[in-house]
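Quick notes on the structure that follows.
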C-alpha cells in the first residue's frame, strides 16, 4: 500500500476483461430491465453495436476496487465522483489510471485526492473523475503544483 | 451542445421517492464483488453497494422511474454522472433506511447525440439515524422523437 504517498503519486494500474456473463449477473442484482446490457437483438434494433453495454456501476466499481486496494481497504474510500464519457462493451478490456493531485488533513484523517480515468484498451475513455481516500498520516501534506 | 427547457418534466424536481430499506446480504455482497473480479470474501462490502442499496431501496422499480419521465428501458437510458459520499463504511448484514428524490431535469441537444434529457436524483442511506451515504446519479434519456 501507500508507504510514500505524495502529490503526483501514480496508483497501480488495474486491468479487467469485461465478461458478458458477469454483466448478466449484475443485471439480475440490479433488477435492471435495460436490454442494452444483455439483449443483442435489442441493441441492433437501437442501431448500436451488438455487443452488450457494460453497466455503469461495473465501470465505477473497477475504479473503486483500484482505489481500495491501493489505500488498504474498501473502508478507506470517502468520496467518488465520475462522469460517464463513453461505453464499455462486452469483450473489451479496461484499464484504470489514477494519480494523487492533493493531500488534505480532514477530521477523518489524511486524505489523498486522486484524479481518475477508466480507458478501454485500444479505445476511448469511459469514465473520468476524482476520489478521496484515507492514507497514512506520514503522507506529507502538499498542495498541487 | 445547446440547452432548451423541458417544461413537461421539470415539475418533477423535488419529488421524493417512496423510499424503503435495504439489507446488505452476505450473498449479495459476494456476488457484487465477484462481478467486479474483486475479492468476494472481503469483510467490507464493495463501495458500489452504496448506490445499489439506494436504488434497490428507493421504493420504485426502474420501469416506474423511467415512466415518470415518459421513457422506458427500451429507449436505452444510460448513466451520465455519479457521486458517492461515504460517511461510514457499509457493513455486511446491516439494514439501511433509504430516501431519495429527483434533484434536476434538463433537456439538451447535441450534434452527435441529438436531443436528450438529463435527470439527476440523489439517494440517502441511514442506519440507526446515522447518515451513512449519499449518492447522486444522473440518467440520460435519449429523445429520438424530439430530434
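Relative to its residue count, the protein assembly as shown spans a Cα convex hull of 136 Å³ per residue. Spin-label model, residue A:69 to residue B:11: label points 7 Å out along the Cα-to-beta-carbon direction sit 5.0 nm apart. Seen against the Cα atoms of chain A and their longest principal axis, helix A:56-71 is set at about 30 degrees. A viscosity of 1.567 mPa s and a temperature of 4 °C, combined with the Kirkwood radius over Cα pairs in Stokes-Einstein, give a translational diffusion coefficient for the stretch A:12-145 of 81 µm²/s. You can think of it this way: the chain between residue B:61 and residue B:88 has 7.1 nm of extra reach, that is 0.36 nm per residue less the Cα-Cα gap.
The label-point distance for residue B:112 and residue B:126, in a model that sets each label 7 Å from Cα toward Cβ, rounds to 4.3 nm.
As a rough footprinting exposure proxy, the listed residues B:27, B:68 were ranked by other beta carbons within 10 Å of their own, and the order from fewest upward is B:27, B:68. Helical content of chain B, expressed as a calculated mean residue ellipticity at 222 nm, amounts to -5000 deg cm²/dmol (DSSP H runs of 4 or more residues, -39,500 (n - 2.57) each, divided by residue number, nearest 500). For the stretch B:1-76, relative contact order (Cα pairs under 8 Å, six or more residues apart, normalised by length) works out to 33 percent.
Per-peptide packing, taken as the mean over residues of other Cβ atoms within 10 Å, places A:23-29, B:84-90 in the sequence B:84-90, A:23-29 from highest down. What is the percent of Cα-Cα separations in the stretch B:6-142 that go past 28 Å? Tail of P(r) above 28 Å: 23 percent of Cα pairs.
The numbers here are math on the coordinates, done by the rules we state, and not lab data. This one's a predicted model, so the numbers in the text were calculated from it and none came from an experiment. Ideal geometry is used to build each Cβ from the backbone, glycine not excepted, and the neighbour counts take in all protein chains shown.
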